[in-house]
Each structure stands twice: as C-alpha cells, then as structure tokens.
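First up is the structure itself, then whatever we jot down about it.
A short reminder: the numbers here are calculations on the coordinates, not readings from a lab. Only a predicted model underlies this, so the values are computations on that prediction, with no experimental measurement involved. Cβ placement follows ideal geometry from the backbone for every residue including glycine, while neighbour counts extend to all protein chains displayed.
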Amino acid sequence: MNTTAAAAPAAGEKKEYWRWQESVWVDETKNWRDAKFITAGIDVGSVSSQAVVMCDGELYGYSSMRTGSNSPDSANNAIKSVLEKAGGMTLDDLQFVVGTGYGRVNVPFANKAITEIACHARGANYMGGSSIRTILDMGGQDCKAIHCDERGKVTNFLMNDKCAAGTGRGMEVIADLMQIPIADLGPRSFDVDVEPPAVSSVCVVFAKSEALGLLKAGWSKNKVVAAYCQAMAERVVSLLERIGVEKDFFITGGIAKNPGVVKRLERLLKLESVQTKYDSQIAGALGAALFGYTLVQKQGVPAKAASG
Amino acid sequence: MIANYGYKDGSGEYYISIDTDKCTQCPIEHACTRACPKDMYEIITDDYDDRVAAIKAPHRKTLAYDCTGCKPAGGHTTLPCTTACTPGAIRHSW
C-alpha cells in the first residue's frame, strides 16, 4: 500500500495532533482494462472523503483523504488520487458512480446517490462477510448503529448526528488537547496502572473542560485519554443496545482504528468485533461501488458514460 | 426495515421509529403526513426503492421540542401520528 504522510508543520506553525494519515492504494496485480464493469463509490463525509474503484465487483483501488470546505472538490480530489495511481484510468472509464455520505448529492460525476446507512451495511457485508449482522460506524461527526441481513440489506438503523460525543471529531479534540498524535491515543490509553472510570461527560465541550480539570488534579495524560476512550465506548454501547447487538459485529469508520475505544467497547459488549484486512474507513465508499456494480448489471451503462 | 429518526442527548432519548415493511402496506395513503400538526412527516423513496414515510431532516434533531404539543402535557391522550398510522408502523421512544 502506498500511503501519503501528513505534511510536517512549517517553522512556527502549530502542530496539528488530530491530523490522521491520508492513503491511496491500488491493486497492482490486477489490470483494470480486463474488467467488464468498472464502478466507483464516493463517500464524502464531514471529516474524510473516500473513493473506491471496483473491477467486476472486486476491490481495485481506493483513497482516503480529508474533506475540504467544498464537497465537489473533495469528491474530485478523492477520485483523482485513485485514477492517478491506476495508470491511465480516467473518469470516463468509470461506468457507474454512486455518491454517498453527507455530501452525496454534491458529487458532480455520480450517477446516483445512496445514503451512507445502506452503503456501510453493504460495504461491511463485503469486508467482514455475510455473517455480519450488527455494524457500528463511528464517523467523523456522527455515529450510526446498523443491523443488516445476510445480503447486507439494512433491517434496523439509527444515526446520532446531533451530538459530537462518540465521534471522530471528539477524538480529534482530545488529541489536540492532550498534544498526542491521534494514532497514538489508543495504544497510550492502555499505558495506565489502573483503568480509570469514564469521564462523566462525553459532550466534546464539557469533556474538554473535564479533561483539563483532571490534568490539573494530577492525572497523567494517558489516564485522561483512557477515561475518555471508556466514556466514548459507553456512549456508543447505549446506541447499539437500542437496535440490539447480534453476532457478528463489525466496526467501520476512523475510530475502528483506535484500539483504545474498540477494546473497551468489546469488553462492554462481551463480544469481539470481526477483523478485516481492509481499511475500515472505506466501508461506505466500498458499499457505494458495490451498489453501482449491481445497478450497472441491472440497468446497463448510463447514457452519458456510454457515449464518453 | 426499522428506521429510527432522532437522537440521544444529555436529557434523554428521542426516537421516532418507522417500520418501513408495515409503512409500504399503508392503505390510507400515508395519513401520518396529514395528521402531524408540525408537518414533520414526508414520503421518500428509500435506498431499496420503497415509498415510505420519514421524518423531515430539520426535525430529526429537535424531536423533543417538536413533539411536545402532542404529548400528554399538551393535552393529548394519544399521538396524532401513531393514531393515524393504521398499519402501526410508527412508534415514539419517549
């Protein structure tokens, strides 16, 4: 996998501990020109944007980039990163593109928009297998609990996008506050002598002031991070319990990469999440590309793409 | 599919659940859309191409306040939306 490291701060510039690593990957063992159908899924989220390209329903390449202030630009940036790496592939080679995520209606080259709920379920079904029944998507600014059937069709869902508690943004705020790179938060949360109780408020604003109070009271940074990870885990468990947790359980989104939250969540649920070789952040875009593959087989190549 | 619209915050859980399998069988052309005094319901085509009722996006984050007038404190003994929904597809969590 080829990954693009986050840019180092210039002299005098404030270090941004919340910055996570963008990535671009293409399966170089495959030749996309051999594919009958090339489809793409674009997930424009509030914090990150992903593009996934599939050849005949198999993952060919993806990118995971930060979302800018403009959804169309973020979508273009994500797909161009994959196309450049794919060697000669252009937008015209994509026979069906599905947009998803909060910016789904603003993907300029999409043939259809589908909600991220349906796409995450479909993507998790591909990434974790048909035994997946419960999916937790811990996104940048919302949290979704999804129940699906063996085909990845949603049977029950809820989304909490009113409150940033239990979301990636909450974790970014804590990373900046503690001055710990976001990728290190999870591992460091286990570097404590005794597991602390959860912070009493997971509200990002109040958790911030509570974390500062704990630091002043002599808590180590690791202990504060552990308390926050525990609070986030407890928060999302209450969401999951509303739809009912059934095996197998799968986590998508950026926080799936934070073992500090995942392990505590698994402990609370008394259930291990299914591991995958894929990047957990691409689930929505992957599901969108799979919807595109189904649609292009059913409906054929849309007129605009066919004439291109 | 059970679609839960709403949120959980520090004051409690506020979800309106719509069973879309029951909703698609609606014999009275989605009376919920006419019953709600706040006009919170709309008919959408969901991801699986079913025409179903949903809560309009602006109301999904303010249900605790929007629904207050139809709760017992507002003088109602039954909710207009759940009463109008003859297939029994709509439920309030609070």
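Here are some notes:
- Value of relative contact order over chain A, rounded to a whole percent, pairs C-alpha under 8 Å and six or more apart: 23 percent
- Size of charge dipole - segment A:160-234 - debye, nearest 20, with Cβ of Lys, Arg +1 and Asp, Glu -1, no other charges: 200 debye
- Shape of the protein assembly as shown, Cα gyration tensor, a/c cut at 1.5: oblate
- Peptide A:239-250 shows a mean partner chain C-beta count of 1 within 10 Å per residue C-beta.
- Taken about its Cα centre, segment B:2-92 carries a charge dipole of about 380 debye when Lys and Arg each add +1 at the Cβ and Asp and Glu each add -1 at the Cβ.
- Taking every DSSP helix (H) stretch of at least 4 residues in chain A, weighting each as -39,500 (n - 2.57) and dividing the sum by the residue count yields a mean residue ellipticity at 222 nm of -12000 deg cm²/dmol.
- Averaged over the residues of A:30-36, the number of partner chain Cβ atoms lying within 10 Å of the residue Cβ comes to 0.
- Qualifying trypsin sites (Lys or Arg not before Pro) in segment A:124-221, where qualification requires a DSSP coil assignment and no more than 13 other C-beta atoms within 10 Å, comprise A:Arg151.
- Taking a ≥ b ≥ c as the square roots of the eigenvalues of the alpha carbon gyration tensor, segment B:2-92 is oblate, as a/c is not under 1.5 and a/b does not beat b/c.
- Helical contribution to [θ] at 222 nm, DSSP H n ≥ 4, -39,500 (n - 2.57), averaged over chain B, rounded to 500: -3000 deg cm²/dmol
- Here the protein assembly as shown is treated with +1 on each Lys and Arg Cβ and -1 on each Asp and Glu Cβ, and its dipole about the Cα centre works out to around 560 debye.
- Of the GluC sites (Glu not before Pro) in segment B:1-75, the ones in a loop by DSSP (not H, G, I, E or B) with at most 16 other beta carbons within 10 Å are B:Glu29.
- Sorted peptide list for A:52-58, B:54-60, criterion being average Cβ within 10 angstrom, highest first: A:52-58, B:54-60
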